[in-house]
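Since the structure comes first, as structure tokens, the remarks are kept for the end.
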Amino acid sequence: MLANWKFLRKARIRQSAENAKQVGKAKLYASEISKKIYNIHGLVGVIGSAGVGLETNHRNGLIKVNLDSFRFNNQTDPFEKVGMMNPLLRRDDQEVALTKKDSRVGISIMQSSIEIIDKLTPIQKFYDGESIFLTGGTGFMGKLLIEKLLRACPSIKYIYILIRPKNGKNVLERMVELMEDSLFFTLKEKEPTFQRRIVAIKGDCSLSNLGISKIDRAILAREVSIVFNVAATVRFNEKLKSAITINIRSLRDLINLSKEMPKLKSFVHVSTVYANCLYNPIEEKFYDPPIDADKLIDLVNSLEEKMLDYITPKLLGRCPNTYVYTKSVAESVVKKHAGTIPIGIFRPGIVISTYKEPVSGWIDNVYGPVGITASVIIGLMRIHHCDGLVKANLIPGDLTINGLIASAWDIANNPRFNENIPIYNYVSKDNPITYNTLKEMTFKYERLIPSKETFWYRSFRMTKYRLVYLFYVYFLHLLPAFIIDTIALCIGKKPRLLKIYNKIHKMSDVLRHFSTIEWNFMNERWNELTRKLTSEDRELFFCDVKGLVWNNYFMSYVLGIRKYILKDPIETLPQARIKWQRLYWIHQGFKLIVVCILCMITWAIVSRLLVALASS
């Protein structure tokens, strides 16, 4: 009897230990589920109750599951068979017991949640349950980043976006306007309530400490674990004071804010691969800045804007514009704070419209090649100062954002961030395309899908010679514009063409430096990052430029400019083709008239010379 009693006692002890082990496992799973259940099942918010229970704020009330009441029958999976549950539904401060059927549904939800946790890719797991702070969220890259993070990483907790009041609209109005962009239509179909995970933070990169209130600053410091600094003024000819304030001082203030974040896992500063364009080749390393960042900020604060404008050329030196100058100095700010936070630099090339996601060809600005292409398509721009043999360092917007998301993951996995700051040159070096090829592909698809907004038949050429460029500018741009504006004045209409060409020539001039010089960009570190990605992450966050098919891309590129820049829907294509044909023959007729006039002038000059020679 004594032996049997001892045997039973040991068996009970083993069973109790096993039950305790299973309960611990259940509580661990529950803490993970509490991070997921909002995003997976469309709930409003989640509160994990210290591993003892799971409380979820549902649209119709509060569901509460007491895990201490679980009894396990020695199963491998604690949620596979449950002896008893005590779930309660609270409505109007009254708790109502759920039925066994409801309890089984709750268990099923937990099981599906656990399965989803296990199926997350390494990058998705990195963003799982994290809160992100983003500057530049209302810009081109910022919008793409927000959309991709919410669509590809559904378990992200919150994305905090720095937004400033603008054009008479407050922060909330601008937030609503942002969410109504057609870019978010795909996300809206997948997750109609995605706006609930976006939090607007009132602030301004042009103000000291980003213009963030103390309350918002405390919230960010407590909640945020990943920071993206995307904000920048990308105007090449921006006033130096404004460029320094936004591109340099705001970065310094953001780094200081990030030092107050105990959960910080990764900080990514978005620079440009041309920040160090005075060097060739350009490696994935820091270069000496033209001036110390703190001294430059103090100088700007101590001088009036007129005086600063006067000394700007001397400060820039060999730098082609204020954008490159301030981006170069900004990188030294990152270097100065190395070792204090996990930080890295992401340097993309020339970012243009999207390749595939969320919609192909999406673009919302006319910077760089997009502005040139739009001017060419409508027949206004006929000459560009560019070397067609130079490789155009173009990168589609969606690939750039995927690369940015992956770089944040890699920075967090860098154990030696205080010694070796990751810098990624994200360029099209491994799948190059020249400006001549860019022109040919654009023309190919422009003929197939012309725009109804075309002003004149497209006739465009490029030259690397400055004098040839200036000759064509006067002959093909300014002379026709002067004639048409004169006619407009005579008939009582407002002249416009000379002003338009003035803007086009400024755009061409600021791009000249980057379209007539070819750099050798080194990207070993970036290639090393891509090799770390799993096959699932490679597909979900496609950022390998080697897999980009340029011929397919330029179809969506031209279509995107037509739709999003020229505001010309595809439904007008039949009328556009008729107009294109008509303009083509008018253009050919005009060329014939010009040739005839030139021949007549030449003949008149030659005949007079012959007469003069004969008489002498």
Having 3 or more residues that are under 26 Å from VAL351 (Cβ atoms) and touching a helix residue (DSSP H, G or I) at 6+ places or on another chain (Cβ under 6 Å) is the bar; report the helices (runs of 4 or more DSSP H) wholly within the stretch 193-262 that clear it. 240-244, 250-258
Enumeration of residues in the stretch 155-187 that are outside any helix (DSSP H, G or I) and open to solvent by 50 Å² or more (accessible area, probe 1.4 Å): LYS157, TYR158, ARG164, PRO165, LYS166, ASN167, GLY168, LYS169, ASN170, GLU180
Do we have any residue at all in the stretch 459-474 that's out of contact with any Asp or Glu (no Cβ under 7 Å at 6 or more places or on another chain), more than 27 Å from ASP509 (Cα to Cα) and open to solvent by 20 Å² or more (accessible area, probe 1.4 Å)? no
Would you check if LYS239 is open to solvent by 60 Å² or more (accessible area, probe 1.4 Å) and closer than 30 Å to GLU223 by Cα? no
Of the residues ASN436, ASN520, which single one is over 26 Å from LEU404 (Cβ atoms), surrounded by fewer than 17 Cβ atoms within 10 Å (Cβ to Cβ) and touching a residue at least 24 places away in the same chain (Cβ under 8 Å)? ASN436
Which of the residues that make up the stretch 302-314 are in a helix (DSSP H, G or I), surrounded by fewer than 17 Cβ atoms within 10 Å (Cβ to Cβ) and not charged (D, E, K, R)? SER302, MET307, TYR310, ILE311, THR312, PRO313
MET507 - would you say it is surrounded by 16 or more Cβ atoms within 10 Å (Cβ to Cβ) and under 27 Å from GLY403 (Cα atoms)? no
I need the full set of residues from the stretch 355-369 which are over 9 Å from ASP398 (Cβ atoms) and part of a loop (DSSP other than H, G, I, E, B), in order please. VAL359, GLY361, ILE363, ASP364, ASN365, VAL366, TYR367, GLY368
Tell me which residues, restricted to the stretch 207-245, are among the aromatic types (Phe, Trp, Tyr) and more than 17 Å from the chain's Cα centre (by Cα). PHE236
Looking only at residues that are part of a strand (DSSP E or B) and surrounded by fewer than 22 Cβ atoms within 10 Å (Cβ to Cβ) in the stretch 319-354, which one is modelled with the highest pLDDT? ILE350
From ASP509, ASP485, grab the single residue that is among the acidic types (Asp, Glu) and either closer than 21 Å to ILE377 by Cβ or modelled with pLDDT under 90 (or both). ASP509
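The values are calculated or read from the model by the stated rules, or taken from the named source; none is laboratory data. The structure displayed is predicted, hence computed values, not measured ones. Using ideal geometry, Cβ is built from the backbone for each residue, glycine included, and neighbour counts are taken over all protein chains shown. Only protein heavy atoms, including side chains, enter the accessible area calculation; ligands, DNA and RNA are left aside. Shrake-Rupley method; radii C 1.70, N 1.55, O 1.52, S 1.80 Å.
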